[in-house]
Amino acid sequence: MTKDQVEARLAEVTERIEAAARRAGRRASDVEILPVTKGHPARGIEVVKALGVGRIGENRVPEAEAKRLELGPTPGVAWHLIGRLQRNKARRAVRLFDVVESVDSVRLASTLNRIVGEERREPVEVLVQVNTSGEAAKAGLGPDVALDAVAEICELPGLRVAGLMTMAPFTEDEAVVRPAFLGAARLLERCRAEIPDFEGKALSMGMSNDFEIAIEEGSTRVRLGTVLLGER
């Protein structure tokens, strides 16, 4: 897509975010847009940056590596890993990404922590992925174990736990989608109240098909691909 096309879509999305925030009695400025550039050419990242959005989301380590190689340094752009991370790609992820939003186990968190120490770099910002939909196919910690796991992850010196991430079921049924987001928001509040080292500033939830519901339930970061950048 051209810069003008993306700019028009960004304006429309911003209006929808503002309306959703008003319905929830929130400020639209408290909601970040994370453009999801997976499946799009590396040039899409340059377009996003030119429009003043200082972050992008990628799902796969190899694709992000190829884009970073093609683009070279990208000052002013924070790279977020939003897809599932295999432990054997953790070192590459630490070198590539500023934020890892898909830490779905204590084991993966421990691996990242060890690698950060070996790489002698500053702590990596992470979000703990939780599964509040109950779908067996989805990654993430269940609500019954998440609190203890988040507390354990917060003790790792190489990680800075900024908040939680979740995905709702892919359906247009609001009665199914909304409880998943509400469950994550409630879990975030529990973590804030009960875990001293938990920053709790970020709640990443909501995608192109459901971001307005996510905002109404407390999302602070919506991950937008198709609605912003078009079909892949």
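The values are calculated or read from the model by the stated rules, or taken from the named source; none is laboratory data. None of the values given here were measured: they were computed from a predicted structure. Here the Cβ positions follow ideal geometry from the backbone for every residue, glycine too, while neighbour counts run over all protein chains shown. Note: areas computed on protein heavy atoms with side chains; ligands, DNA, RNA excluded. Shrake-Rupley method; radii C 1.70, N 1.55, O 1.52, S 1.80 Å.
Residue check: is I115 touching a residue at least 40 places away in the same chain (Cβ under 8 Å), over 24 Å from D30 (Cβ atoms) and either of a type in the set (A, V, I, L, M, F, W, C) or open to solvent by 20 Å² or more (accessible area, probe 1.4 Å) (or both)? Walk me through it before giving the result.
Values: touching a residue at least 40 places away in the same chain (Cβ under 8 Å): yes; over 24 Å from D30 (Cβ atoms): yes; either of a type in the set (A, V, I, L, M, F, W, C) or open to solvent by 20 Å² or more (accessible area, probe 1.4 Å) (or both): yes.
Spelling it out, I115 is indeed touching a residue at least 40 places away in the same chain (Cβ under 8 Å), over 24 Å from D30 (Cβ atoms) and either of a type in the set (A, V, I, L, M, F, W, C) or open to solvent by 20 Å² or more (accessible area, probe 1.4 Å) (or both).
The number of residues in the range 51-72 that are surrounded by fewer than 18 Cβ atoms within 10 Å (Cβ to Cβ), under 19 Å from the mean Cα position of the chain (by Cα) and charged (D, E, K, R) comes to 3.
When residues in the range 188-232 are screened for being in a helix (DSSP H, G or I), small (G, A, S) and under 16 Å from the mean Cα position of the chain (by Cα), 1 of them pass. Within the range 164-185, residues that are touching a residue at least 60 places away in the same chain (Cβ under 8 Å) reach partners that are among the charged types (D, E, K, R) and open to solvent by less than 60 Å² (accessible area, probe 1.4 Å) with beta carbons closer than 6 Å, at six or more positions or on different chains, in the pairs M165/E101.
Residues that are more than 22 Å from R192 (Cβ to Cβ) and open to solvent by 50 Å² or more (accessible area, probe 1.4 Å) within the range 118-149 comprise E118, E119, R120, R121, E122, G134, E135, A136, A137, listed in sequence order. The one condition from (1) free of Cβ contacts under 8 Å to residues at least 24 places away in the same chain; (2) under 26 Å from T14 (Cα atoms) that D148 does not meet is (2). Exactly one condition in (1) open to solvent by 90 Å² or more (accessible area, probe 1.4 Å); (2) among the basic types (K, R); (3) within 18 Å of T220 (Cα to Cα) is not met by R16; state its number. Against the list (1) open to solvent by 90 Å² or more (accessible area, probe 1.4 Å); (2) among the basic types (K, R); (3) within 18 Å of T220 (Cα to Cα), R16 comes up short only on (1).
Considering the range 137-170 alone, what residues qualify as being of a type in the set (D, E, K, R), over 19 Å from D210 (Cα atoms) and in a loop (DSSP other than H, G, I, E, B)? Reasoning before the result, please.
Here is the first cut: in the range 137-170, the ones of a type in the set (D, E, K, R) are 138, 144, 148, 152, 155, 160.
Next, only the ones that are over 19 Å from D210 (Cα atoms) stay: 144, 148, 152, 155, 160.
Listed by number, the list holds a single entry, E155.
A residue that is open to solvent by 20 Å² or more (accessible area, probe 1.4 Å) and over 30 Å from I115 (Cβ atoms) occurs somewhere in the range 189-200.
Quick one: in the range 26-50, which of the residues that are acidic (D, E) and under 21 Å from L203 (Cα atoms) is surrounded by the fewest Cβ atoms within 10 Å (Cβ to Cβ)? The qualifying residue surrounded by the fewest Cβ atoms within 10 Å (Cβ to Cβ) is D30.
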